[in-house]
Each structure stands twice: as structure tokens, then as C-alpha cells.
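First up is the structure itself, then whatever we jot down about it.
The values are calculated or read from the model by the stated rules, or taken from the named source; none is laboratory data. These figures come from a predicted structure and were not determined experimentally. Glycine also receives a Cβ, built like all others from the backbone with ideal geometry; neighbour counts cover every protein chain displayed.
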């Protein structure tokens, strides 16, 4: 039987200590969580075509490198009329070619232009969050949370991050960028993924 | 907590009923196991670059398509001097371009030629078996078993299948093709993967 006992030490497969703290909070503070970057672990190449594949790959790399149970996530926006793009490349689409800096405005404009190019009125899209927990030389457990919705251009709202300003969840009128953070956090793909992870391992 | 209770119905993500029976036996006959092909499920495209990624993808596709807990495997041979090739393409390397028929002799010759081309005496290689169990709309558990060894040309032995005639496990002199089936089954990558899966979920 697989479970995560309270007090378990967890390595978050990220180089961002803020993200590691956020993951610790989303796991109800039950675990001592440290960022892989703090331990000096290298980030593996994300070779996979699916969110789950990349989450599994990152969690395994961290667990195998430091011998501790690890947790990784992989998230992104998929647009139906673009065959699911940008998908696992959501972060890459937001990197400027010139200097590699993050520019999500550019990425949102790129999606809008791609939709115009395929001459569609289908603006269906969804956010996905995959989470993976890996035991060193042992099993990996992964889950996926999703929220369906549609794209709305131009973007609206200053909350959230990434593609939030252009995403309207099913049954709503406000974009994720307009929602109060606690509202978005209650319904988001990440919330759904963490709920599934807890149902599986708590 | 995640576990597989005895008597659980399992769909094996394969179109080969013989393989489904073999999986049932490797799980100690604890589960009622049916092949996905028998249920008329389509085989998903194996898009991932890792064995675990493809096992997860196949298990999820089967579980989501039929609403039953599913099990999938992905296996292959990796050659160190070829950067891990053929790896997840092990089956593809054994397909004849002309008619798509399976021809493992051709694949073994292709590996031997590739090693000659890179002018190496490094014949280190390993077999990997990834297994994934997926719950419909729920978590996926995956494990990986590996056996290290080296390649020996020309191939020897008529037992086993696939690349077995050219693979000699660490500490042995006989190829997998020369080993008695019960001997190979006790030490193989598949045996190790199933042992890990049972340790995790039984």
C-alpha cells in the first residue's frame, strides 16, 4: 500500500523556493518540504509530450538524485483548435527568442494569432496540472487535474499569473485574471490535482 | 492510500490476449485480467521518450476508455554507446520498412552496425520494463525494473524473445536466449518491475 505519512520529508522538484513553499501549503503543511534547487540538484530535460510524463520524469530525477521522496508538477494551457498547443510547451511559448526572458503577453498574442491563422471561432481551451510523487528507486504516483473553459481576447484582470487573463472557466464570465485568488484556488486545475493526490495518498 | 485488493478486475492495455494472461500470472493470479483489445479499445500513440511515460500513457488511455483499473507495460533495450537507443523504439527498430513485419534479426544487426559506426568497444546495455496501473479519472502508479549487462554478437540461444540472444546480464556468461525460461524470469527487468509493483500495491 502506498501512502505519504505526515511528517515525511519531501523534495519539491523546482528551483523556485516560493513554489516549494506553495506546494507545502497545498499539502496542508503535513510535510517538511525543501526545493530541489536548494539541494543543488540539476533540472532534467523535459522530454515528454504529456504533462504527466514530464511530472513523472521530474519527480523521479529529483528522488533518484537525492534519495528522498519528491514531488513535481507540470502545468499548461491547451487550446482545442490548435491541437492542444501550447500544452507542455506553455512555458516555452512565453520565452522571448531574443533574450530568453519570460513574456506572457507575447505568448497570449501568439495564441490569438495562431487562432486567426486557422480561421476558427472555436475558442475552447483547458488548463492541466499534473503532479507526481516519486520514492527513490521505488514507485511514482501521478495524478492530473483539469479545468475546461474558453479563451477571451483581449486579456482581462491582474490576478493570477501566466495565461490567466485570457482564460474563462466553464460557466463563468470573469477571466482567471479577474477572479479573487481564493476563488481561483478553489476551482483551478491545480486545486483539482492536489485534491486527487490527497485522496490517493493521505 | 493506494492498493490493489485481490479480486480487482484489471484491463491489460494490450491487444495480445497471451500477454494479458502472462500479466495475470505475474500478478500471482490475484486479479481477473482482460485484454484491452478484447474490449475493442484503440491503442494510443506512444508519444513519450521514456518507458515510464509510455506505460503511464497506455494505462491511462485504457482506464479512461473503459472505466476499469488498467495495467500497461513498456519495455526495451538501451545501449550505452548509442545514447540509450533503441530504448523506447526497441519494437520499432524491429519492424521491416518494406512490409512492417517484425524482424528482430534485422534489429540486432542494426545495433551491431551502429556500434561499429561509432567505433566503440563499449558494449554496455540494459533492459528496462516500466509498468503502470491507472484508476479511471484517478491516480496512476508506475514502477521501473532494470537489468544491466552487455551485448554479445553474434546472438546465441533460442529461448526468450526479442533482443534476448544478444544480451548477457551482469555476472553471467550465457545470453538471455540461452537461459532456461525460469532462470531468466527470476532475474529479468520484468521480474524486477513486477516485484516493485507488488511491493507498492499488494
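Could you please tell me which pairs satisfy a Cβ distance under 8 Å, a separation of 6+ or placement on different chains, a first residue in the stretch B:1-17 that is free of Cβ contacts under 8 Å to residues at least 24 places away in the same chain, and a second residue that is surrounded by fewer than 16 Cβ atoms within 10 Å (Cβ to Cβ) and part of a loop (DSSP other than H, G, I, E, B)?
Close Cβ pairs satisfying both conditions: B:1/A:1; B:1/A:3; B:17/B:38.
Could you go through the stretch B:99-113 and let me know if any residue there is in contact with a helix residue (DSSP H, G or I) (Cβ under 7 Å, 6 or more places away or on another chain) and within 21 Å of residue A:53 (Cβ to Cβ).
No, there is no match, as no residue in the stretch B:99-113 is in contact with a helix residue (DSSP H, G or I) (Cβ under 7 Å, 6 or more places away or on another chain) and within 21 Å of residue A:53 (Cβ to Cβ).
Out of all the residues in the stretch B:9-21, which are assigned to a loop (DSSP other than H, G, I, E, B) and either within 14 Å of chain A (Cβ to nearest Cβ) or closer than 23 Å to residue A:140 by Cα (or both)? Talk me through it step by step, then tell me what you get.
Filtering the stretch B:9-21 for residues assigned to a loop (DSSP other than H, G, I, E, B) gives B:13-16.
Scanning the stretch B:9-21 gives B:13, B:14.
So residue A:84 clears everything in (1) in a loop (DSSP other than H, G, I, E, B); (2) in contact with a helix residue (DSSP H, G or I) (Cβ under 7 Å, 6 or more places away or on another chain) except one condition, right? Which one?
The one condition residue A:84 does not meet is (2).
Please work out which one of (1) modelled with pLDDT of 95 or more; (2) within 13 Å of the chain's Cα centre (by Cα) is the condition residue B:85 fails and give its number.
(2)
Does residue B:33 count as part of a strand (DSSP E or B), more than 28 Å from residue A:74 (Cβ to Cβ) and either touching a helix residue (DSSP H, G or I) at 6+ places or on another chain (Cβ under 7 Å) or away from every other protein chain (no Cβ under 14 Å) (or both)?
Details: part of a strand (DSSP E or B): yes; more than 28 Å from residue A:74 (Cβ to Cβ): yes; either touching a helix residue (DSSP H, G or I) at 6+ places or on another chain (Cβ under 7 Å) or away from every other protein chain (no Cβ under 14 Å) (or both): yes.
Yes.
Run down A:44, A:6 and say which single residue is within 14 Å of chain B (Cβ to nearest Cβ), modelled with pLDDT under 95 and either crowded, with 18+ Cβ neighbours inside 10 Å or touching a helix residue (DSSP H, G or I) at 6+ places or on another chain (Cβ under 6 Å) (or both).
Just one listed residue meets the conditions, A:44.
Among (1) touching a helix residue (DSSP H, G or I) at 6+ places or on another chain (Cβ under 6 Å); (2) assigned to a helix (DSSP H, G or I); (3) farther than 25 Å from residue A:38 by Cβ, which single condition is residue A:56 missing?
(3)
Quick check on my filter: what residues within the stretch B:54-88 are surrounded by fewer than 22 Cβ atoms within 10 Å (Cβ to Cβ), more than 27 Å from residue A:141 (Cα to Cα) and away from chain A (no Cβ under 14 Å)?
B:80, B:81, B:82
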